[in-house]
Amino acid sequence: MTSRTLRVLYWVVTLLFVVPQLWSATQMLTEAPRMTATIVGLGYPIYVMKILGVAKILGAAAILYGRFPLLKEWAYAGFTFDVIGAFCSHVGAGDPITIALVPLVFFAVQLISYFLWKRLEGGAVDNAKVTTGLPAGSA
């Protein structure tokens, strides 16, 4: 796969992941009735919507801007906690499995975006370089 093809694929998948997250953030911040009913039905207080809405906007900005790789990495991690938490919340609330699995669909798209980004960046971060500043094998 060429670098250009990989980059285009990354942006298509990333937008398929980020745009729904931004839509969700907007619904949370405006306290849209359907979103409010879902959050309350899961047993959370309404103010959690403001926290999640702001976090999603900041995470999406970090992923789309991308100039700070560590911040981008943490944004992907934050979205991971969000979607796994949503899945567990739906299961815990007794929602049908078809509803509970929806966050995992977003998680799958997120993972594809993440791994495409890592491939574009030249692979996974080498922990030896991160922790010691030395080339791998020198630590």
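Among the candidates Thr14, Thr26, which residue alone is in a helix (DSSP H, G or I) and closer than 14 Å to Lys118 by Cα? Criteria check complete, one pass: Thr14.
Regarding the range 46-61, can at least one residue be identified that is over 17 Å from Arg119 (Cα atoms), in contact (Cβ under 8 Å) with a residue 60 or more places away in the chain and under 14 Å from the mean Cα position of the chain (by Cα)? The answer is no; no qualifying residue exists. Confirm whether Leu70 is out of contact with any Phe, Trp or Tyr (no Cβ under 8 Å at 6 or more places or on another chain) and at pLDDT 95 or above. So Leu70 fits the description; yes.
In the range 83-103, what count of residues is obtained for those that are part of a helix (DSSP H, G or I), touching a Phe, Trp or Tyr at 6+ places or on another chain (Cβ under 9 Å) and surrounded by 14 or more Cβ atoms within 10 Å (Cβ to Cβ)?
If we filter the range 83-103 for residues that are part of a helix (DSSP H, G or I), which is where we start, we get 83-92, 97-100, 102-103.
Now narrow it down to the ones that are touching a Phe, Trp or Tyr at 6+ places or on another chain (Cβ under 9 Å): 83-84, 86-87, 89, 100, 102-103.
Okay, now just the ones that are also surrounded by 14 or more Cβ atoms within 10 Å (Cβ to Cβ), so 83, 86-87, 89, 100, 102-103.
Total satisfying the criteria: 7.
Each residue in the range 1-41 was checked for being within 19 Å of Gly78 (Cβ to Cβ) and surrounded by fewer than 16 Cβ atoms within 10 Å (Cβ to Cβ), and 6 pass.
The values are calculated or read from the model by the stated rules, or taken from the named source; none is laboratory data. Quick caveat, the model's predicted, so the values are computed rather than measured. So basically every Cβ, Gly included, is an ideal-geometry build from the backbone, and we count neighbours across all protein chains shown.
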